[in-house]
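Here the structure is laid out as structure tokens; the discussion comes afterwards.
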Amino acid sequence: MSHNFFSLKDRFSVAQDTMAFVFQTSSDFTFRAGQYVEVFLENAHRDFSIASSPQDKGILMVATRMAGSAFKRSLAEVPLSTKAIIEGTFGDFTLHENKDKKAVFIAGGIGITPVRSIIKDATERKLAHKMTLIYSNRNPEGATFLQDLMDWEHENPNFKLCSRMTDKEGHVDADFVAKSAGDLANTTFYVVGSPGMVGAMTKILEDLKISRDDMRFEEFSGYN
Ligand SMILES: Cc1cc2nc3c(=O)[nH]c(=O)nc-3n(C[C@H](O)[C@H](O)[C@H](O)COP(=O)(O)OP(=O)(O)OC[C@H]3O[C@@H](n4cnc5c(N)ncnc54)[C@H](O)[C@@H]3O)c2cc1C
């Protein structure tokens with residue numbers, strides 16, 4: 001685990017009430033797609049999954065819902081070039097190595113961040129893994145990085161995007177998971193989002209008789 005001082009290089013909106021923050025990294029900073037860092041600013045800190053890809057050299061991007069906490073206000077208001085302490089990287093919510101095993105990601109809302117990193121990285125490195133993303137949001141305005149994902153679906157023949165807008169279509173259910181995933185055998189399921197969302201999706205996977213050995217989780221504690 002390393003302890004870095006990286007300066008805030010850029011910030012911009014990526015969906016309704018959602019911002020991305022880009023930090024300039026050192027040349028020796030490396031991570032695996034899907035990992036997270038701890039960002040310290042003005043005596044407070046939060047965990048954020050890295051949304052950029054390891055192929056994006058010299059930068060690290062995180063994205064978050066601007067829910068109004070003092071920490072996030074600071075991130076939005078400090079001058080560019082302010083240095084933050086970035087600890088990490090942490091976590092093993094990373095793509096399995098066996099390219100003959102499918103990956104099905106189920107991401108809720110801002111839970112898309114580590115999945116964006118994995119899919120961007122896999123597309124850039126032309127990995128042979130078959131990947132499906134079930135991406136659930138209330139509406140298109142709040143669907144972070146949706147355009148990127150649609151672009152990669154065109155670019156990468158191994159990647160399929162199944163988005164679900166819950167205001168109009170209702171929550172993701174077992175039927176939607178089964179139809180989107182296709183053959184459920186020989187698949188690793190990656191579930192990421194709020195603890196409530198992860199719990200609900202785990203129950204669906206259990207109902208579909210998916211083994212726990214084939215499930216991986218990242219819970220964004222701090223969200224309901
Ligand atoms: C591995 C991991 C990856 C994450 N990745 C992202 C990401 O990519 N984007 C994103 O927006 N959020 C991510 N989160 C959640 C993030 O760390 C914040 O908790 C969340 O954004 C809410 O922050 P806030 O300042 O709006 O909440 P606040 O309103 O300040 O906090 C809400 C409540 O949660 C508590 N809390 C805050 N952080 C944590 C925590 N980490 N664990 C337990 N309790 C906490 C606070 O004390 C408070 O009671 C991640 C969390 C984890 C554990």
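The values are calculated or read from the model by the stated rules, or taken from the named source; none is laboratory data. For clarity, every value in this text was computed on a predicted model and none was experimentally measured. Note: ideal-geometry Cβ built from the backbone for every residue, glycine included; neighbour counts use all protein chains shown. Quick note on the areas: whole protein, heavy atoms, side chains included, nothing else; ligands and nucleic acids left out. Shrake-Rupley method; radii C 1.70, N 1.55, O 1.52, S 1.80 Å.
What to note about this one:
- Pairwise label distance in nanometres, S69 with L184, each label 7 Å out on the Cα-Cβ vector: 3.5 nm
- Accessible-area order (highest first, 1.4 angstrom probe) of the listed residues E38, E206, E97: E97, E206, E38
- Percent accessible area from carbon and sulfur atoms, the range 1-93, protein chains only, probe 1.4 Å: 48 percent
- Between M150 and A174, the contour length at 0.36 nm per residue exceeds the alpha carbon distance by 6.3 nm.
- CD proxy at 222 nm, helix term only [per DSSP H run n ≥ 4: -39500 (n - 2.57); per residue of the chain; nearest 500]: -7000 deg cm²/dmol
- Converting phi to 3J(HN,Hα) with the Karplus coefficients 6.51, -1.76 and 1.60 and the offset θ = phi - 60°, the range 37-46 yields 10, 10, 9, 10, 8, 6, 6, 10, 8, 9 Hz in sequence order, with x at every glycine or proline.
- The amide H of A44, built 1.01 Å from its N in the peptide plane, has no neighbour under 5 Å, considering only residues 5 or more places off or on other chains.
- Solvent-accessible surface (1.4 angstrom probe) belonging to Y36, in square angstrom, nearest 10: 60 Å²
- Gain on full extension, evaluated as 0.36 nm per residue between R138 and M165 minus their Cα-Cα distance, stands at 9.2 nm.
- Surface per residue (accessible, 1.4 Å probe) for the chain, Å²: 48 Å²
- Using the average count of surrounding beta-carbon atoms within 10 Å as a protection proxy, the listed peptides 13-24, 75-86 rank, highest first, as 13-24, 75-86.
- Near S53: Cβ cut-off under 11 Å, other residues only, Lys/Arg at +1 and Asp/Glu at -1. The net charge is +1.
- Under 5 Å between amide hydrogens, built in the peptide plane, is the criterion, and for F220 it picks out G193, S194 among residues at least 5 positions away or on other chains.
- Kirkwood-Stokes translational diffusion coefficient of the range 102-219, alpha-carbon pairs, 25 °C, 0.890 mPa s, µm²/s: 173 µm²/s
- Estimated Rh, the range 2-90: Kirkwood, alpha-carbon pairs, angstrom: 13.0 Å
- One chain, two ends: S211 and S81. Fully extended at 0.36 nm per residue, the span grows by 42.1 nm beyond their Cα-Cα distance.
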